[in-house]
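Bear in mind these aren't lab numbers, they're just calculated from the coordinates by the rules spelled out. Keep in mind it's a predicted model, so treat the numbers as computed, not measured.
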Amino acid sequence: MSVDLLITNGLVVAEGKITRADLGIRGEKIVARAPRLTLDAARVIDADGKYIFPGLIDAHVHPIYSDDKYDTSIGAAFGGVTTLIHYAYVKPGEKIIPTCESFRDDGLQNSMLDFGIHAGLFDVANQIGDVPAAFALGIASFKVFMTYAKLKWMTDDYWMAALMDVVAQQRGLVNVHCENGVVTDYLEDKYNRAGLDSKKMFTAMRPARLEAEATHRAISIAQVMGCAVYIVHNSAAENLEPLRRAKQNGWRVVGETCPQYLTLTDEVTQTLGAPAKIGPPLRYAHDNAAMWQGLREGILTTIGSDHAPKVKKSDDNFFDAAYGAPQIETMLPMCYHVGVNQGNLTLPTLIAAMSETPAKTFGLYPRKGALQVDSDADLVIFDPTKTWTISQANQHSKAGFTLYADKTVTGAVELTMQRGRILVENGELRGARGGAQFLKTDTSHFYK
């Protein structure tokens, strides 16, 4: 057998274990995997001392702010991400199908990376009729906000229940941002009327208990409606209680957390100000520890970046500043360093949460999220010994900042490949705009 690329002597991290294996790649696919391969190869890469991961799948991406779909795919590739599931926001007055078709077409033209789409709904009452047609387009997941009432982003319980009812009939998934929007808005108004510093009071305005209350409510409504539910960006220790109960009962619930809730605290918000304003807020060290515990227990099973880069500066007015920060490029190195190097999580569990489980959740496995024969040749070669310091100078987001500036980590992406194309190698971009494929998602397995 002849191949385009032979990767030898690497430690493959997949299917819950670490094994020594060689990989043969021809065209867009993995065509051979064995402890030792002797093949005719146009190129051989010796990965001795390196890990080989399946390409990461980031199921929580917002390529609509300072980074467009091309910019987002660049930062993702430098961070070892090879597949994205974007949120296409369908604003009031817009229709689901034309909005998502336009979003898809823009991605096909501009993204380097394969991608799927979640439809983010802001006006469920007037958009719910289009939901069944979205499944034919290849969209099986729909996001709503239980918060941001004053911004008019919030979906109330009536329309969330209605959406879950319709989505369940199509065997789909509802993604929910869980914070009690009405009470958090009241607390915001209360502290502002008292003249208190909105930065100092930010976490108190969006307390952990109200995130857990909304999580319990979303799961309860989903269970009544018979709908699978995906709880995005869990940040609070209190959230483990409703998620643990759902797991014990065998309910159709997926819990996601994000690198910022595993590695950062409110101290960063107080130091950096507006750039660190995200929702839910950065909390406390015991919440970080709880998120790692949730991953160890299998209560939280996926890690997504919630990459929402917006140009902000520390001296911006905190209250008026937008929510969101760049996260996608630093996700793997930060989670590896704090998770694996510091003993919070095993490497196979980390990679499962960032690749295999998202692939399975959205019906992409084993084409994506696997290093099997006939899987797409999406992979990352990772050097676990390289120590380096994160800075804005070595990041690729146009937001102009990173929340991880001056953090020194051990572990670095050496090569990122998608479908046999090397996108990043030794710190150099080799991929080009376009070349992406649109991935139809499928969540019907939740209903079997």
Subject >> Top of L151, L243, L56 by mean-square fluctuation, Gaussian network on the chain, Cα under 10 Å >> reply: L151
Subject >> region 321-448: projected area of the alpha-carbon convex hull, averaged over directions, in nm² >> reply: 10.4 nm²
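With N set to the number of residues, divide the alpha-carbon radius of gyration of region 1-150 by 2.2 N^0.38 Å and report two decimals.
1.36
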Original post:
Taking the alpha-carbon centroid of each part, what is the distance from region 373-448 to region 152-189 in angstrom?
Top reply: 32 Å
**OP:** Please report the Cα spread of the chain along all three principal axes, rounded to whole Å, starting with the longest.
**Re:** 70, 47, 42
**OP:** Pull up all non-local amide H partners of G120: gap of 5 or more, or a different chain, and H-to-H distance under 5 Å with H placed in the peptide plane.
**Re:** A88, Y89, V90, K143
Original post:
Relative contact order for the chain using alpha-carbon pairs under 8 Å, separation at least 6, rounded to a whole percent?
Top reply: 22 percent
Original post:
Taking N as the number of residues in region 1-56, what value does Rg over Cα atoms divided by 2.2 N^0.38 Å take?
Top reply: 1.05
Original post:
Near the amide H of A32, under 5 Å away, which other amide H atoms are found, from residues 5 or more places off or on another chain, if H is placed in the peptide plane?
Top reply: G24
**OP:** Step through the residues of region 406-419 one at a time and calculate ³J(HN,Hα) from phi using the Karplus curve (6.51 cos²θ - 1.76 cosθ + 1.60, θ = phi - 60°), rounding each to whole Hz and writing x for Gly and Pro.
**Re:** 6, 7, 9, 10, 10, x, 8, 6, 9, 8, 10, 10, 10, 6
**OP:** List the residues whose amide H sits under 5 Å from the amide H of I45, counting only those 5 or more places along or on another chain, with H placed 1.01 Å from N in the peptide plane.
**Re:** L6, I7, T8
Original post:
Considering the chain as a Gaussian network with a 10 Å cut-off on Cα pairs, which listed residue, D378, D157, D266, attains the greatest mean-square fluctuation?
Top reply: D157
**OP:** Please turn the phi angles of region 436-448 into ³J(HN,Hα) values with the Karplus equation 6.51 cos²θ - 1.76 cosθ + 1.60 (θ = phi - 60°), one per residue in order, whole Hz, x for glycine and proline.
**Re:** 6, 10, 7, 9, 6, 8, 8, 10, 5, 4, 5, 9, 8
Original post:
Can you work out ³J(HN,Hα) from phi for every residue in region 154-169, in order, using Karplus 6.51 cos²θ - 1.76 cosθ + 1.60 and θ = phi - 60°, giving whole Hz and x for Gly and Pro?
Top reply: 6, 9, 6, 5, 4, 7, 5, 4, 4, 4, 4, 4, 5, 5, 4, 5
